[in-house]
Amino acid sequence: MPLQLSLKQHAELFDRMACAVGLDLEEEAVSGAFQFDEIAEAVLRCRRCGNVKACKKWLTDAPDAGAGQGLAPDFCRNRDLLAYLQEPRD
């Protein structure tokens, strides 16, 4: 898969995962809680994941499979980042 297409696919997967756990990445970026370089690194981290099929399945099943818990699945390479972004801020 060409690099640009791969990056686009993983940017979409990362955004979908964030939405599935209750985060709005656009709002996080606008508020300054999430910087551009962090977004880029998260997409690259997602791109290095070997569980794309499992991710897509989890996202398809998310309304019934744990998204209400507000946690990304254990295999998600951005799970800790997404959990951090969910923490309350002052």
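The values are calculated or read from the model by the stated rules, or taken from the named source; none is laboratory data. Every value quoted in this text rests on a predicted model; they were computed, and no experiment measured them. Please note: Cβ atoms are built from the backbone with ideal geometry, for glycine as well, and neighbour counts cover all protein chains shown.
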> For Ala72, are the conditions met, namely being touching a residue at least 40 places away in the same chain (Cβ under 8 Å), more than 13 Å from the chain's Cα centre (by Cα) and outside any helix (DSSP H, G or I)?
Replying inline: no
> Looking only at residues in region 1-55 that are over 13 Å from Leu85 (Cα atoms) and assigned to a loop (DSSP other than H, G, I, E, B), which one is modelled with the lowest pLDDT?
Replying inline: Met1
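Residues are listed down the side, and each one gets a yes or a no for (1) surrounded by 13 or more Cβ atoms within 10 Å (Cβ to Cβ); (2) out of contact with any Leu (no Cβ under 7 Å at 6 or more places or on another chain); (3) of a type in the set (Val, Ile, Thr):
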| position | (1), (2), (3) |
| --- | --- |
| Pro2 | no, yes, no |
| Asp15 | yes, no, no |
| Ala29 | yes, yes, no |
| Ala33 | yes, no, no |
| Gly50 | no, yes, no |
| Asp61 | no, yes, no |
| Gln86 | yes, no, no |
>> Just to check your reading of the model, which residue among Arg45, Arg16, Arg77 is out of contact with any Cys (no Cβ under 9 Å at 6 or more places or on another chain), touching a residue at least 24 places away in the same chain (Cβ under 8 Å) and of a type in the set (Lys, Arg)?
In response: Arg45
